[in-house]
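The values are calculated or read from the model by the stated rules, or taken from the named source; none is laboratory data. Fair warning: this is a prediction, and the values are worked out from it, not measured in the lab. Cβ atoms come from the backbone with ideal geometry, glycine included; neighbour counts cover every protein chain shown. Side chains are part of the model used for accessible areas, which takes the heavy atoms of the whole protein and leaves out ligands, DNA and RNA. Shrake-Rupley method; radii C 1.70, N 1.55, O 1.52, S 1.80 Å.
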Amino acid sequence: VQLQASGGGLVQAGGSLRLSCVVSGSTFNFNVMGWYRQAPGKQRELVARITSGGSTYYADSVKGRFTVSRNNAKKTVYLRMNSLKPEDTAVYFCSAYRGMAEYWGQGTLVTVSS
């Protein structure tokens with residue numbers, strides 16, 4: 001199973017980005033898919049997740065600004081990020097869970113300038 005994240009970049013505060021995470025080497029029957037981030041010197045934290053049934057969860061710090069979605073036909077999970085703030089600067093990782101198994105993609109760097 002491989003997860004390929006993309007879409008990061010440099011953006012000014014207030015701007016938007018959309019991250020994508022494409023799954024290959026597996027069917028898309030994951031119970032949960034999530035986005036995490038890790039800022040320099042900080043622990044990795046959960047940003048958002050979405051279940052196979054479409055239920056979503058967001059960290060308080062991103063509620064109302066970020067939207068997680070999935071396209072099963074494209075085997076892709078997205079993270080739409082609006083109203084970005086400098087404190088959103090981090091490496092963003094996608095993850096997938098199936099039963100007791102978890103899979104991680106490589107990170108994509110998001111840098112928000114003030």
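With label points built 7 Å along Cα→Cβ from the Cα atoms of Y57 and N82, find their separation and express it in nm.
Using points 7 Å along Cα→Cβ, the separation is 2.4 nm.
Which sequence of E102, E45, E87 reflects their accessible areas, 1.4 Å probe, from the largest down? Walk me through the intermediate numbers first.
Working: E102 100, E45 80, E87 120 Å².
Per-residue accessible area, sorted high to low, gives E87, E102, E45.
Give the calculated FRET efficiency between Q4 and S114 to the nearest 0.05, with a Förster radius of 30 Å applied to their Cβ-Cβ distance. Let's see the in-between values first.
On the way: r = 30 Å, r/R0 = 1.00.
Efficiency, from the Cβ-Cβ distance: 0.50.
Given that compact globular proteins tend to follow 2.2 N^0.38 Å, what is the ratio of the alpha-carbon Rg of the chain to that value?
Working: Rg = 13.3 Å, N = 114, 2.2 N^0.38 = 13.3 Å.
Working it through for the chain, the quotient is 1.00.
In square angstrom, what is the accessible area per residue of segment 23-86 with a 1.4 angstrom probe? Before the final figure, lay out the partial values.
Numbers: 3410 Å² over 64 residues.
Dividing the accessible area of segment 23-86 by its residue count gives 53 Å².
I'd like the accessible area for L109, computed on protein heavy atoms only with a 1.4 Å probe and all protein chains in place. Round to 10 Å², please.
Looks like 100 Å² after rounding.
At R0 = 22 Å, how high is the FRET efficiency between N71 and E102 if r is their beta carbon distance? Nearest 0.05 is fine.
0.60
Just tell me which lysines come within less than 21 Å, Cα to Cα, of K63; anything on the same chain fewer than 8 places away is out.
Those lysines meeting the cut-off are K42, K85.
Can you compute 3J(HN,Hα) from phi for each residue in segment 49-66, using the Karplus curve 6.51 cos²θ - 1.76 cosθ + 1.60 with θ = phi - 60°, rounded to whole Hz and x for Gly and Pro?
Listing the rounded values in order: 8, 9, 8, 5, x, x, 6, 10, 9, 10, 5, 4, 5, 10, 4, x, 10, 10 Hz.
How much of the accessible area of the chain, probe 1.4 Å, is carbon plus sulfur, in whole percent?
On the way: 2890 of 5950 Å².
Carbon and sulfur: 49 percent of the exposed surface of the chain.
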